[in-house]
Every structure is written in C-alpha cells, then in structure tokens.
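J.: So that we are looking at the same thing, I have put the structure below in structure tokens.
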Amino acid sequence: MAWGACTAVAAALLLLLLLAAAAAGGNGGVHCLDLDLEEGRRHHLSRRALQGRQRRHHLRSRAVGGATVLELRHHSFSPAPANSREEEADALLSTDAARVSSLQGRIEHYRLTTTSSSAEVAVTASKAQVPVSSGARLRTLNYVATVGLGGGEATVIVDTASELTWVQCAPCESCHDQQGPLFDPSSSPSYAAVPCDSPSCDALQQQLATGAGAGAPPCDAGRPAACSYALSYRDGSYSRGVLAHDRLSLAGEVIDGFVFGCGTSNQGPPFGGTSGLMGLGRSQLSLVSQTVDQFGGVFSYCLPLSRESDASGSLVLGDDPSAYRNSTPVVYTSMVSNSDPLLQGPFYLVNLTGITVGGQEVESTGFSARAIVDSGTVITSLVPSVYNAVRAEFMSQLAEYPQAPGFSILDTCFNMTGLKEVQVPSLTLVFDGGAEVEVDSGGVLYFVSSDSSQVCLAVASLKSEDETSIIGNYQQKNLRVVFDTSASQVGFAQETCGYI
Ligand SMILES: *[C@@H]1O[C@H](CO)[C@@H](O)[C@H](O)[C@H]1NC(C)=O
Ligand SMILES: *[C@@H]1O[C@H](CO)[C@@H](O)[C@H](O)[C@H]1NC(C)=O
C-alpha cells in the first residue's frame, strides 16, 4: 500500500491510519514523513523537554493487576552540554559502535565453552571479584526508571544485556555524579552483605567461570565474609563493591532480599546522574530472575520516540496485557537457546529470518541467524550480507533523492534539504515463526543535521558475517516488546508509548 501526500494537519490521523494498516496485517509501502512538522515539533517541544529533564528523578510507578508499571525516560544527563547537534550525534554513534563491538566479544564468551580467549574480560584485582564486561557507554544506555531500594529511591539505567543490578553506595571511595542521595547501607535496617558462601555469590562466580573459562576460588582469603564484585566496562569505567541484599520496591510490590551490587568505587560518564544500572538480562542474578515469583519471569517495555520530546515510555514487570496499550496483537518469536543454560548469557537471542523494505522482501544468505534484542544499543547492526541487501533496496527506493556523505557508522545518507515531505519506505523485521515487526516510521531514518542535508538510514553494518546482529532501541521505539523468559519467547506489538 502506498500513501499519497500527507499534510501537517492530518499527521495525527495519518498515525492512526498507519496503526490501523498495521493492525490489518499490511506491511508494505511507504510512510509519509513531513519534514516541516518534524522541525516544528523539535522547537515547540524544547521547553517541555526541559521540564521533562527536571522531572527525571521523580519517575512514576504504579500497579496494574498482577503487573507493575514503571515510567521510562530518556537518560540525557550531560556534564558538558552545548555541543553542536552533529558533535552529539557523532559521540552517540561512536559510543554505540563501541557497545556493539563489546557485545560481540561477550557473545563469543558464551559461545566458546573451553578457553579464555576472550579479549574482553577485565583484570581482576582480587580473586573474589568477578568481572563482567559490557558495552555500557554514555548516551547509549539511555533509558532510566526509578525503583525503591532500602528506604530510598534509585534511578537506574535499564539494560537487557546486563546480569547484575548495582547502585552507588555510601561511603564512596569514588563515585560518579549522582542526582539525588546515595544509597546508604547504614541507614537501611533491611540491608545485609551477601556472604561469600551463599548461592548468590556462587552464581556470580559461575558467570566468571563461564565467561573466562577458569574457575575462581569462592572467596577472597583476606576478606572471607565479603563477596566482592567488579564490573568493568570497555571504556575504562567500572563499578566495584560487594554483593548485598535489601528490600526492593516496585510500585508497592516488595521484593525482600533482592541481590544487587553495592558499589563503593564507581567511575564513568556512562552512568552520570543516575544511581547505577538495572540488569534485566536473562541470567540468574538479574532482576527478572530474582522476581520470578512476583512477575513470572516476564517484562516488557515501550520506548518513547524522541529524546527531545516530553514523551515517556513504560517498563512493565509481569505478564498482564491490561497494562499494555498495544494497537496490534502481540506476535511472538521463540528465543534461540543454548542447550546449556549456564552458557546462555544474559542476552535475548532471536532468529531473524527476513526483512522487507517498502513491502519488498530483501534477499540474503545471512538470514535465519541469531540476533540480539537489546535495550541499550541504539542503532540496529546487521551482518554485512543482510545490511548490504537492505541498503541496496533503500537506495533503489530512495533513488530520487540526492545522496549525501555517510556519517559515522551510517553510510546510506541523503540530502533532503528543502523538501516538504519524504516518502520513507517501511521497514519490517521478520522473525522465526512468522512474527512480522514493522519499525515505527520515526525509527527508519536518522536526521544528522537539523536542515535535513544529511538524513541517513538508521541501520549499520557489522564488520563480519561471524558477528551477531543486534536489534537496537532506535528501531524498537513505539513498540511493546515483551520478554517472556518462562515461555522463552519475545513478543512485539505496535504501541504509541506514553506512561500509563
Ligand atoms: C532460524 O529459523 C530457520 C527457519 O525456521 C531455521 O531453518 C534456522 O535453523 C533457524 N536458525 C537458528 C540459528 O535457530
Ligand atoms: C543539499 O542540497 C541543497 C539544496 O539542493 C544544497 O544547497 C546543499 O549544498 C546540499 N548540501 C549538501 C551537504 O550536500
């Protein structure tokens, strides 16, 4: 199906029509993107965006039936603001590329069962410290939610590729900037350190054994009571401290004895402004696993469209569809599992079987391979054979627009200066079992410059066919993405995000 002209007045109606079209199973055609409207919205929203920023640390949560709903917002803390738009975009995309390459290293860990060939594992200071590398970087892990911990509140970055939740703890040896008070163990009667002979400490040890291929002694002889952790990130930032447990509260739902990292030595701009990180990965110590009695191992999110806008999304813990506002049915695809659960890793792996561009099926030998669905990577990265096929189809469908130079990791760009509207081909991802997921029209193109002289396909190529494709959050916006670890499936539906 194809749309004719679109007008600014009809934009809201158009959105409804698009949703209706998607509901009816249509997946072809183009979206009409009005460039003036985009620009207008940007200016119009700047004041509200500012208010959104000020409200960032008062995120809301509530209970819906058997589920808990947390408001999700873009994390946009920046200690050195006033960069140009392009500098900002450049920083965002290069840090994103670093995360993608770091994730590739971690996936390899779990794929290799024998050796410590991993280049990614950080050096441990003490034998009881467990390094887990990750690609966390500023502005890439960019959605935050607020939870109750002990007697206080913690605003944490939401990461589906991390196993352990951690927060900065007083007294800090070193801490990154944080808005709001530090978590203080001494003022929480329900706080306790996790002893090193506990199952939680074992689980942490197992992650090390799996990741590095070498067992570690359960405890540090020097500090027998403490189970230390050390998370090292590729850019040199880190969080170190002890494993602890305390009362976690999520919209009135209380999880006693929630295990997390109490970080007394933390460094890194990636976490600036926040209390730390929420690990939503698919492994034993993650929040999902620890709350399985309350939430059944199911969570979902809807990521809002624009970091500039006032829109907020939602993180729903639990499987209660009445907490969703999806406009199309949730379609599911099976997670690709490793036969050995210890080698599973935290990742949500699915099987990407096809892509259509403007209703046209793209052909490539690289399909039917594993892909990660990740909340913390921005731009979707595809293996080169698939990327090249998608790129070729885009180039042919957008042939009427003059090309523009590539920008950072994006190499399919157009000069759309002065155009009133653009026909954006639809982009649909197809997963094993026939689940078709149409990317929101706001997640297809990346506007590098505000004058539209460099508008790029918001998808990048991986370096080699051996790497694993990653579905990034730019392509997950305005979708309800359901992670069901019990039924081992990931679901998708169209949803216009807004805190509910
Ligand atoms: C992906 O799905 C296709 C079609 O069902 C199947 O042939 C292929 O083996 C699957 N690949 C993986 C990695 O599971
Ligand atoms: C984009 O196109 C406009 C109008 O056609 C032209 O003036 C401008 O120089 C072009 N910009 C780039 C970066 O190519």
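Bear in mind that the values in this text are calculations on the coordinates, not laboratory data. Fair warning: this is a prediction, and the values are worked out from it, not measured in the lab. We place every Cβ from the backbone using ideal geometry, glycine too, and count neighbours over all the protein chains shown.
J.: Going by average Cβ neighbours within 10 Å, how do the peptides 66-73, 430-437 rank, with the highest at the top?
T.: Taking the mean over residues of other Cβ atoms within 10 Å, the ranking is 66-73, 430-437.
J.: Once you order the gyration tensor axes a ≥ b ≥ c over the Cα atoms, which shape class does the stretch 240-320 get: rounded for a/c under 1.5, otherwise prolate or oblate by comparing a/b with b/c?
T.: Here the stretch 240-320 falls in the oblate category.
J.: If N is the number of residues in the stretch 324-494, what value comes out of its Cα radius of gyration divided by 2.2 N^0.38 Å?
T.: The stretch 324-494 yields a ratio of 1.05.
J.: With 10 angstrom as the radius, rank Asp177, Asp293 by how many other C-beta atoms surround their C-beta, starting from the fewest.
T.: Asp293, Asp177
J.: Further, regarding this structure: Using only alpha-carbon positions, what ratio does the radius of gyration of the stretch 415-500 give when scaled by 2.2 N^0.38 Å?
T.: 1.31
J.: Order of Ser426, Ser464 from fewest to most other C-beta atoms within 10 Å?
T.: In increasing order of surrounding Cβ atoms, one gets Ser464, Ser426.
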